[in-house]
Protein chains: 2
Amino acid sequence: MRTVSLYADWDPKPGFVLGKKDIDQRLTYLGSRVWRHPKVKIVNKEVREPGPTEVLLEVKACGICGSDVHMYQKDKDGYIFYPGLTAFPCTLGHEFCGSVLVAGDKAINKRTGRKLEVGEGVCSEEMMWCSYCRPCADGFPNHCESLQEIGFSIDGAYAKHIVVDARYLWSIEDFRKLYGDEKMWLLGSLVEPTSVAYTAVITRGGGIQPGENVVILGAGPVGAAACAILKRAGANAVILSEPSASRRKMALSIGATHVIDPKTDNVADAVLDITHGHGAKLILEATGLPSVVWPDVERIIWEGRAINATVVVVARADDRIPLNGEVLQVRRANVVGSQGHSGQGVFPNVISCISSGMDVSPMITKKISLDEVEPSLVKLQTDRDDVKITVTKFD
Amino acid sequence: MRTVSLYADWDPKPGFVLGKKDIDQRLTYLGSRVWRHPKVKIVNKEVREPGPTEVLLEVKACGICGSDVHMYQKDKDGYIFYPGLTAFPCTLGHEFCGSVLVAGDKAINKRTGRKLEVGEGVCSEEMMWCSYCRPCADGFPNHCESLQEIGFSIDGAYAKHIVVDARYLWSIEDFRKLYGDEKMWLLGSLVEPTSVAYTAVITRGGGIQPGENVVILGAGPVGAAACAILKRAGANAVILSEPSASRRKMALSIGATHVIDPKTDNVADAVLDITHGHGAKLILEATGLPSVVWPDVERIIWEGRAINATVVVVARADDRIPLNGEVLQVRRANVVGSQGHSGQGVFPNVISCISSGMDVSPMITKKISLDEVEPSLVKLQTDRDDVKITVTKFD
């Protein structure tokens, strides 16, 4: 089968030391310090037989993530941008869903408690948590100490078929009735990024009580999905700051109630104006520029009358936030970091929300074939008008 | 009666603008920008009659707080250090307890649900929350929008008598049996600072599960009380970092299990060593030097294997913390600010802990008379060997 795979040279930067879980020439937890000269190619690979707990899927849709873009984007010395766990060569693609073709005898469907049925629609976590380490045993699979990641260190889903352990699969059959036999797959591919947003604002951020105000900084897929989730949670004002007009328009269609263009308006002033000086219960940093947005974040907390604000940092950034502890003390506020999408009911809750009407599909602004992945990865390095580009043709 | 009162000149720094709740020449929320040339004097004042919901107390003990020290300490231009709510002249003293002499008809004893009895031992909150604003109505009196503070903006307890509304009083009669008729007053005067620590590590920090490790940075009264509270909560290692040898020794006697001298040992290395690389669930910043201790805080979180750490910032500091969001994300950690001691069961829980054996009295390193307050305020500006100096003679 044809796959979109990434190749790069193992060429560690000066000073790089092999970590205790890194594998020389093959796997590292610090991608941007090791991998150089990335190339994306269409490569033919054989699909393997599923084991007893595994499933062979026919992939139906697979979205392009910012991580995919950053694995192919390189700095002036040719090193990849993406800083995390990577093992190349690797088939990319981790925001996917598909239909069950073959299921091992012990591949259990969480929906039924029995073996996965042929034809069942499923989506997949991308974090292959081990189930053996302490964080996994404690119920925090997002922080697994022996993590592998589909599409980063294990072959992903820019391919017609993929084999996945049933542990990471969740049925999306409930989408079929409301959305039909085609659109269900688009939504299935959005469960993973929507779960990243859900983990950030609900699991880690503690959610909101209906009627509270929220502020979302940045309308990438995670920020946009957060608008939908917090609207669903009963927010009063869902205020989004985003420089791209097309992204603002899309976010308004899935949950944002107010949008701000930070290029023309001061975000803190606008939030205080919209909320009549009240401020917000929850603020999501989804821009990747935390030290840039922080002065506005602190002004919203300090000048707004609402105490108890939670700031959730979900976008990754090699940056230092100039945090004023007094703001957290006087305004009874806190700052939380969020990572991942697994565990604690997140996937099934996102699936339930979508099944019962939370249609996040306007996020998908373009559908493409495998051959268009490479040029899309290039385009997304500079273009913010598309939100989610999704592969739907795999031949 | 004789009182220890602070006088200062209303002489705003250039650029100071009267806030909407400030009162010209009299009250400000920004003490250090207004008050100059502080003087502490013994002054005779009349004690007033208690109203229907008020109580006249005979003060039995009143501790000196760091805030008292900072109201008298001045910068090179003569402005006071203390940055918060102040109205001078004012009798100082807010960590106090006493015996009921006269109670108004509607002065209810929370212990009995009936009018306060003459002779009842009580301690007092210092934060006079209004009970009318939104934070009060929402159950967050520490963030009252119309706050007054005993010993800061309302006459305090460096005096033989004080009148306090029953709303702020809590019975300490349960101390009498275990500690006797003298020591109960020392402990009564420690309920307020211990409640500041309890609010920080339990109410705001979320406490711990028995068996988890904690790190306390700084053994002032709040850090020392936190050691006692977290030991009581079932902590495994209660690791204290504190440069003063006498404070380290005191903290070991009330709950710390391990102490570190940050002048001679690296705190992160020591914590990782003591915990066999595990790290800590809760870290309390009680030094007032957050940007100094932060590199160690982040190393404990980043290098320790324990995820889910909460950092509580309780010491006030005009400082910027160089926060790395990645540390919070990858290690599932968060940062919380804490202020105050009122509400949410804190005073009664602290009283129950002390009544049932949590003896924090070793914190009191010296007992003095009213006449010794002024020289003690001077001494405490530079001397870290005493922890809590407490007035017990009021004639």
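The values are calculated or read from the model by the stated rules, or taken from the named source; none is laboratory data. What you are looking at is a predicted structure, and each value in this text was computed from that prediction instead of being measured. Counting neighbours? That spans all protein chains shown, and the Cβs are built from the backbone with ideal geometry, glycine included. When the accessible area is computed, the model is the full protein with side chains, heavy atoms only, and any ligands, DNA or RNA have been set aside. Shrake-Rupley method; radii C 1.70, N 1.55, O 1.52, S 1.80 Å.
Both radii are taken from the alpha-carbon atoms of segment A:297-365; with Rh as the Kirkwood radius, Rg/Rh is 1.10. Using a probe radius of 1.4 angstrom, the carbon and sulfur fraction of the accessible surface of chain B is 51%. Each chain gives up part of its surface: B and A jointly bury about 3400 Å² of accessible area, both sides summed, for a 1.4 Å probe. Rolling a 1.4 Å probe over the protein heavy atoms gives segment A:206-337 an accessible area of 34 Å² per residue. Counting from the shortest, the label point at residue A:132, 7 Å from Cα toward Cβ, is 6.6 nm from the same position in each remaining copy.
Its residue count N sets the reference 2.2 N^0.38 Å, and the alpha-carbon radius of gyration of segment B:347-395 equals 1.40 times that reference. Here is how far apart the residue A:18 label points are across copies: 7.3 nm, shortest first, using a point 7 Å from Cα toward Cβ. The calculated FRET efficiency for residue A:269 paired with residue B:131, based on their beta-carbon distance and R0 = 30 Å, is about 0.40. For residue A:118, the accessible area of its heavy atoms, probed at 1.4 Å with every protein chain present, is near 110 square angstrom. Take every pair of alpha-carbon atoms less than 8 Å apart whose residues are at least six positions apart; their mean separation over the length of segment A:192-278 yields a relative contact order of 25 percent. Residue by residue along A:303-309, Cβ atoms of other protein chains within 10 Å of the local Cβ number 3 on average.
Using the Kirkwood radius over Cα pairs, work out the Stokes-Einstein diffusion coefficient for the protein assembly as shown at 25 °C and 0.890 mPa s, in µm²/s as a whole number. Rounded, D is 85 µm²/s. Only protein heavy atoms count here; on that basis, with a 1.4 Å probe, residue A:96 has an accessible area of about 0 Å². When the surface is traced with a 1.4 Å probe over the full set of protein chains, residue A:250 keeps roughly 20 Å² accessible.
Computed over the Cα atoms of segment A:261-395, the ratio of the radius of gyration to the Kirkwood radius (Rg/Rh) comes to 1.04.
In the protein assembly as shown, the calculated helix contribution to ellipticity at 222 nm averages -7500 deg cm²/dmol per residue, counting -39,500 (n - 2.57) for every DSSP H run with n ≥ 4.
Across the copies of the chain, residue B:45 has label points (7 Å from Cα along Cα→Cβ) spaced 7.8 nm apart, shortest distance listed first.
In chain B, Rg over Rh equals 0.96, where Rg is the alpha-carbon radius of gyration and Rh the Kirkwood radius from pairwise Cα distances.
Counting only other chain Cβ atoms within 10 Å of each residue's Cβ, the peptide B:138-147 averages 2. The residue B:114 and residue B:75 beta-carbon pair, evaluated with R₀ = 35 Å, returns a calculated FRET efficiency of approximately 0.10. For segment B:206-337, relative contact order (Cα pairs under 8 Å, six or more residues apart, normalised by length) works out to 22 percent. Counting Lys and Arg as +1 and Asp and Glu as -1 over every other residue whose Cβ lies under 14 Å from the Cβ of residue B:206, the net charge comes to +4.
Cross-link partners for residue A:106 among the aspartates and glutamates, with Cα-Cα distance under 16 Å and sequence neighbours closer than 8 places in the same chain left out: A:49, A:54, A:117, A:120, A:165. The slack between residue B:368 and residue B:245, meaning 0.36 nm per residue of separation minus the straight C-alpha distance, is 42.0 nm.
Dividing the mean sequence gap of close Cα pairs (under 8 Å, 6+ apart) by how many residues chain A holds gives a relative contact order of 17 percent. On a straight-distance basis, which lysines could pair with residue B:41 in a cross-link, Cα separation under 19 angstrom, same-chain partners fewer than 8 positions away excluded? Partners within reach: B:74, B:160, B:379, B:393. Note on the protein assembly as shown: antiparallel DSSP beta bridges, both residues inside, total approximately 65 percent of the bridges counted. A cut-off under 11 angstrom between Cβ atoms defines the neighbours of residue B:333, and their net charge, with Lys, Arg +1 and Asp, Glu -1, is +2. Of the trypsin sites (Lys or Arg not before Pro) found in segment A:21-117, the ones in coil according to DSSP and having at most 15 other Cβ atoms within 10 Å of their Cβ are A:21, A:26, A:45, A:48, A:76, A:106, A:110, A:114.
Treating each Cα of segment B:206-337 as an identical point scatterer and summing with the Debye formula, the log10 of I(q)/I(0) at q = 0.18, 0.20 Å⁻¹ comes to -0.91, -1.15. Legend: mean number of C-beta atoms from other chains within 10 angstrom of residue C-beta atoms, peptide A:338-345, equals 2. For segment A:136-151, the Karplus equation 6.51 cos²θ - 1.76 cosθ + 1.60, evaluated at θ = phi - 60°, returns couplings of 5, 5, 7, x, 10, x, 4, 10, 3, 7, 10, 5, 10, 10, 5, x Hz by residue, with Gly and Pro reported as x. Count the net charge of all other residues whose Cβ sits under 12 Å from the Cβ of residue A:147, scoring Lys and Arg as +1 and Asp and Glu as -1. Charge balance near residue A:147 sits at -3.
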